[in-house]
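Take a look at the structure set out below.
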């Protein structure tokens, strides 16, 4: 019996791909290794969206190999496209033989490459009555496997990797998401918008969308497996059913542009689901048709993640975003008018090339006006060969970036608290997460949970608010259930509640 592990870093699309890689190996007869148990194959699905993500990917590789020495290594994901030379150095430093490693990025048919690699690792059949290598935990070292793919795409143009390559398109659909109450379903992949700071168009240049019927079948399987919530995700979700993420090149037919709204409506009709959520949208993706679906379908989550990146009109123009600050705020207004107290979350990059104090002040103004429920803030990370990398000498100094991040965190804390306060004294529905301990809560939760040694549980509302609560004594098996909670107060980053019969 051959065993494997899968480690995934990065975005929701990468998380979905990691589970699809696991499903492909399981379909081939491999078995996922238990925590701490030996494995024959280590799969690491990497990310390279920032320098920090690259460092975490290399660390994940080192950690996986050190925990299970002697295993073969398969590296996938965006970093495998971006800089295979660096990854090879990492593997060489760990002493992993080259014939026991393979790197496959989005320029490969990942399903075919993984299948071929796994078959080469399988030991040959043994004579009847004699143990084979698999029984001993070996993986057939005598069968050489060579590294494949380009060494790096750093400083290369898009044409170096773009082509009619299926990448992860041929990975099998998934039937469950182990360890998750909310299942991810990828509906779209690829981006060619070329925001100036973003490496994704270099690593995932080919846009493609899954057929709606395939998506719906997967959603039904996941609901049948017990998942009560599904998150529809994509690299550029608004380009679902379209061949480009560049809006000026989109077709005029409204059916094409409204395909996401129609898909959302159909997924909401899948029996057994409690909520359907969209992962991330640009403001111009939020069409009137989509808002009608979100407002009219009780299962549609009142939560939209709308990356802002900057509130400065000049910075948005420089980084090639396809909207203005005014268009962003107009979108926020339309969403608030259509939905009941929607949760709006966002991403912001601080310290982009050319960002002045006035530019950052405008970002703070937009944050206050939008009233975000949560903000993911990042310092600018120059990645070669993006346009912003060539302008990295125009970025603010590090001490100024740190001060701006601190100022943004202060304002973000105020808007998040103001949003959560709306629900104190009300009763909400929430999906119970896996168990946690009250000891993990901060001291500020003590008023709500005086018995800090007792087990505290977490549940997530449709507006992506985490609610901490004490379950009734002896009430087990809560994970994956939708319960009603009376909100009694705030925790540092969520809500406190009491179960309601």
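Every number in this text was worked out from the coordinates using simple rules, so none of it is lab data. Quick caveat: nothing in here was measured; it's all calculated off a predicted structure. Glycine also receives a Cβ, built like all others from the backbone with ideal geometry; neighbour counts cover every protein chain displayed.
Using the beta-carbon distance between residue 358 and residue 52 and R0 = 41 Å, what value does 1/(1 + (r/R0)^6) give for FRET efficiency, to the nearest 0.05? The computed FRET efficiency comes out at 0.90. Ordered by the count of other Cβ atoms within 10 Å of each Cβ, fewest first, 81, 288, 393 give 393, 288, 81. As a proxy for reagent exposure, ranking 324, 8, 363 by other Cβ atoms within 10 Å from fewest up yields 324, 8, 363.
Taking other C-beta atoms within 10 Å as the exposure proxy, 189, 224, 326 rank 326, 224, 189 from fewest upward.
Would you please state which residues of segment 411-436 a label at residue 340 would reach in this model, taking the label point 7 Å out along Cα→Cβ and a backbone N cut-off of under 16 Å? Residues 422-430 qualify, since their backbone N sits under 16 Å from the label point. Summary of the geometry: segment 281-336 and segment 10-50, compared by the centres of their Cα atoms, lie 33 Å apart.
Compared with the alpha-carbon gap, the fully stretched path from residue 244 to residue 89 is longer by 52.3 nm at 0.36 nm per residue.
DSSP beta bridges fully contained in the chain are about 35 percent antiparallel. Each stretch of four or more DSSP H residues adds -39500 (n - 2.57); spread over every residue of the chain, this sum gives -9500 deg cm²/dmol at 222 nm.
Here the spin labels are modelled as points 7 Å beyond Cα on the Cα-Cβ line, and at residue 387 and residue 266 they lie 3.6 nm apart. From a point 7 Å beyond the Cα of residue 368 in the direction of its Cβ, which residues of segment 398-413 have a backbone N at a distance under 17 Å? Under cut-off, by backbone N: 404-413. Over the Cα atoms of segment 284-380, Rg to Rh with Kirkwood Rh, two decimal places? Reported Rg/Rh, Kirkwood definition of Rh: 1.00. Under the criterion of Cα pairs below 8 Å and six or more residues apart, the relative contact order for the chain equals 10 percent.
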